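K.L.:
Encoded as structure tokens, here's the structure I'll be asking about.
The values are calculated or read from the model by the stated rules, or taken from the named source; none is laboratory data. Since the structure is predicted, the reported quantities are computational estimates derived from the model, not experimental observations. Cβ: placed from backbone, ideal geometry, glycine included. Neighbour counts: every protein chain shown. Note: areas computed on protein heavy atoms with side chains; ligands, DNA, RNA excluded. Shrake-Rupley method; radii C 1.70, N 1.55, O 1.52, S 1.80 Å.
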Amino acid sequence: MNKTALVAFTLLFAVIVSGRSAPRAEELTQNDWLLRAENDEARFRLLQKQMRGFDQPMWEVGERFARLHDALKHENYELAVYHWDKIKTSIENGVAKRPARGESARNLFLGDPWNEVRAGLISADRKRAWDSFDKARAACQSCHQAEKVGFMNQQAVFDLARPER
Ligand code: HEC
């Protein structure tokens, strides 16, 4: 290899290596909260913390339960089923993060109770659908008791009931 070729080769190599190197710390801003972490383990820890535990899915579940009540008042059974399905997804995702809640969730909610409520909602029969709402509320509340957060049962979302007539 002559001298010119050697220089060209070295330069090419330097370009490739510098192009592949990780972004340098000074190029990151303070908003790069994940990129700035020391390594992937530290990044996963930060993500785990941000994704919270059981409280955040429950917050969504409470909200959707109120929307479900609203859907029944409008006799919009498709929307009621939609929220019921999303409630299941939320609780399953919550259990993925907090497996210790899984046993109660499966025994008191995700199995037969969930299926029975869904059948009542999808029937689009007004009375059956409101019976399902009562059944749903009871399933939610039994899990709160089992998980020793019975105080959750005294809040506005659980005052929601079927209309007088
Ligand atoms: C696994 C059993 C379980 C089931 C089933 C369950 N919950 Fe919960 N719920 C909990 C636990 C545990 C908490 C407290 C979470 C925490 O401490 O992080 C909670 C908290 C809540 C909260 C308070 C959330 C907040 O932070 O504001 C609401 C609202 C709620 N649940 C509504 C419901 C409704 C409505 C249903 C039924 C559709 C339901 N839950 C079903 C276990 C359950």
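K.L.:
Using a 1.4 angstrom probe and counting only protein chains, how large is the accessible area of D159 in Å², to 10?
P.N.:
120 Å²
K.L.:
Further question on the same structure: Student exercise: in segment 55-159, how many lysine pairs 8 or more apart or on different chains have Cα atoms under 22 Å apart?
P.N.:
Count of close lysine pairs: 12.
K.L.:
Still on this structure, I have one more. Per 0.36 nm of contour for each residue apart, how much would the distance between E41 and A138 grow if the chain were fully extended, relative to their Cα-Cα spacing?
P.N.:
Working: separation 97, 0.36 × 97 = 34.92 nm, distance 4.10 nm.
Length difference between fully extended and current span is 30.8 nm.
K.L.:
For I91, I122, give the ranking by accessible area with the largest first, probe 1.4 Å.
P.N.:
Of I91, I122, the descending order of accessible area is I122, I91.
K.L.:
In percent, how large is the relative contact order of the chain, given Cα pairs closer than 8 Å and 6 or more residues apart?
P.N.:
Contact order relative to length: 17 percent.
K.L.:
Could you provide, to the nearest whole Å², the per residue accessible area of segment 26-65 with probe 1.4 Å? It would help to have the intermediate numbers written out before the result.
P.N.:
Values: 3410 Å² over 40 residues.
Accessible area per residue: 85 Å².
K.L.:
Now a separate question. With charges set only on the Cβ (+1 for Lys and Arg, -1 for Asp and Glu), what does the dipole of the chain come to about its Cα centre, in debye to the nearest 20?
P.N.:
Here the chain has a charge dipole of around 200 debye.
K.L.:
Right, here's the next one. Using a Förster distance of 25 Å, how high is the FRET efficiency between E92 and F158, based on the Cβ-Cβ distance and rounded to 0.05?
P.N.:
For R0 = 25 Å, the calculated efficiency reads 0.70.
K.L.:
Taking the Cα atoms of segment 55-159 alone, what are Rg (to one decimal) and Dmax (as a whole number) in Å?
P.N.:
When restricted to Cα atoms, segment 55-159 yields Rg and Dmax of 12.9, 37 Å.
K.L.:
Continuing with the same structure: Using a Gaussian network for the chain with springs between C-alpha atoms less than 10 Å apart, which of these wobbles most: V95, V149, V81?
P.N.:
Greatest mean-square fluctuation among the candidates belongs to V149.
K.L.:
Carbon and sulfur together cover what percent of the accessible area of the chain at a 1.4 Å probe radius?
P.N.:
55 percent
K.L.:
As I understand it, the value is the acute angle between the Cα axis of helix 55-73 and the longest principal axis of the Cα atoms of the chain; what does it come to in degrees, rounded to 10?
P.N.:
40 degrees
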